[in-house]
Structure formats: C-alpha cells, structure tokens
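The values are calculated or read from the model by the stated rules, or taken from the named source; none is laboratory data. Here the structure is a predicted model, which means the values were calculated and not measured. All Cβ positions, even for glycine, are placed from backbone atoms using ideal geometry, and neighbour counts span all protein chains on display.
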C-alpha cells in the first residue's frame, strides 16, 4: 500500500520569498513521486517527477524537489515566489508495475501576497 | 494533439437521474482513469483501465460504472445520482508502465463539475 501526506493545507508566502511545500510518502517498493499543480478551474499539470535517476529534480517554472529516502520525503521548493505561483499543489506516489495507479495527497493551496 | 478532453464542463442533475461523463484522449495511451476531487480530500481514484476491454475499480467505485470499448474513449456512468456525488471529476491518461517498470506521467483533462440536487 502507498500513501502521501502533505503537511499544511494552506501556505502563504510573500512575493520573492522561499516556497516550501512538504510531502511525505509511504511505499513498500521504491516509489515514483510526482508534483502536480492545479490553477483555478483547470486540470492538473505536471511540475516534476522523481524516477530514481537523480535525487534533486528540477521542474517547470523554477520549482525543484529533493528525494530523501531516509526521511521518506519529497518536498517542493522555489527560491523566489511569484504571484503567478498561486495555485493548489498535489504530491502523488506511484508504485510502478503495469497498473500505473497514482495515490494523491490532499493538496496544499499556495497563496502569494505582495 | 488535443490531449485529454472531457464533456460536459458543467452538469446539474436531480437525485436519481443517470448520466455519462465523456472522456477521450488522442495520445494512444493504454492507461486511463477517473478521479473525483473533493475539498480537503485530494483526488481519489474511481475506476481505471489498462486497455480496451479491461477495467478495474479504484478507491471509490460505488455508484459509478465504466467501460472501455476503444483505446481513445473511457466514459464514466452515474447510475442513479446522489448528492454525495457532487464533485469535480477528472479523467487522466498515460502510457502503461509495462515490462520496463517505468512510471509515466498522467495527463489530465480540464474536469467536469457535477452538482446533484
């Protein structure tokens, strides 16, 4: 069984400040990990994914995430927040195999203030 | 490519009515799935399919039915709508992991917002 925990349903940062969104996972096999972003009234868009090639993963729009096996974490960061980053962010885990099923966290809504 | 398309965008049903949410993809993906999104609960898997003629239940399948007669289409049927099915529904597709055990990203449609009164 696999699961994802996202700490903090709402995060607020000032424009230009560091963004840190937390994700911890549980998986009985080496995981595949994803961060998706959802802008208001839209579908989900892939930000980045971890597939064991490198522990530090760079994604779109300046976001990156670091896989830490010892902490079972995959936190999402961005050095400097922009107003356009305001959205909901979802962490997801997949366990591979032919089913391709993903388990999503409950999401973190990021607010960016002036 | 249009990617993943969903119709309708909005729908209001009365309790007990039935309807079908449509989903289509033009990327020749083997894997397709339906999720529902509710506030504070993230996305929960309803049903999924690994190819034409093959479907299986996800985490919350009760009250929903699916079939997959073609690679491109994966409709979701609500048999007798209930207020608890008020939600936003997303369809997604991806390549199948296969023997290489590579996990491919899922592509999402724009969603259908369903209200059951």
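Please work out if residue B:87 is touching a residue at least 12 places away in the same chain (Cβ under 8 Å), under 14 Å from the mean Cα position of the chain (by Cα) and within 18 Å of residue B:28 (Cα to Cα). Here the answer is no, as residue B:87 does not meet what is asked. Could you tell me whether segment B:47-55 includes any residue that is under 13 Å from the mean Cα position of the chain (by Cα) and within 19 Å of residue B:113 (Cα to Cα)? Yes, segment B:47-55 contains at least one residue that is under 13 Å from the mean Cα position of the chain (by Cα) and within 19 Å of residue B:113 (Cα to Cα).
Where strands (runs of 3 or more DSSP E) sit wholly within segment B:20-117, those with at least 1 residues that are under 25 Å from residue A:107 (Cα atoms), more than 11 Å from every other protein chain (Cβ to nearest Cβ) and modelled with pLDDT of 95 or more occupy B:31-38, B:42-51, B:64-66, B:76-78, B:87-94, B:112-116.
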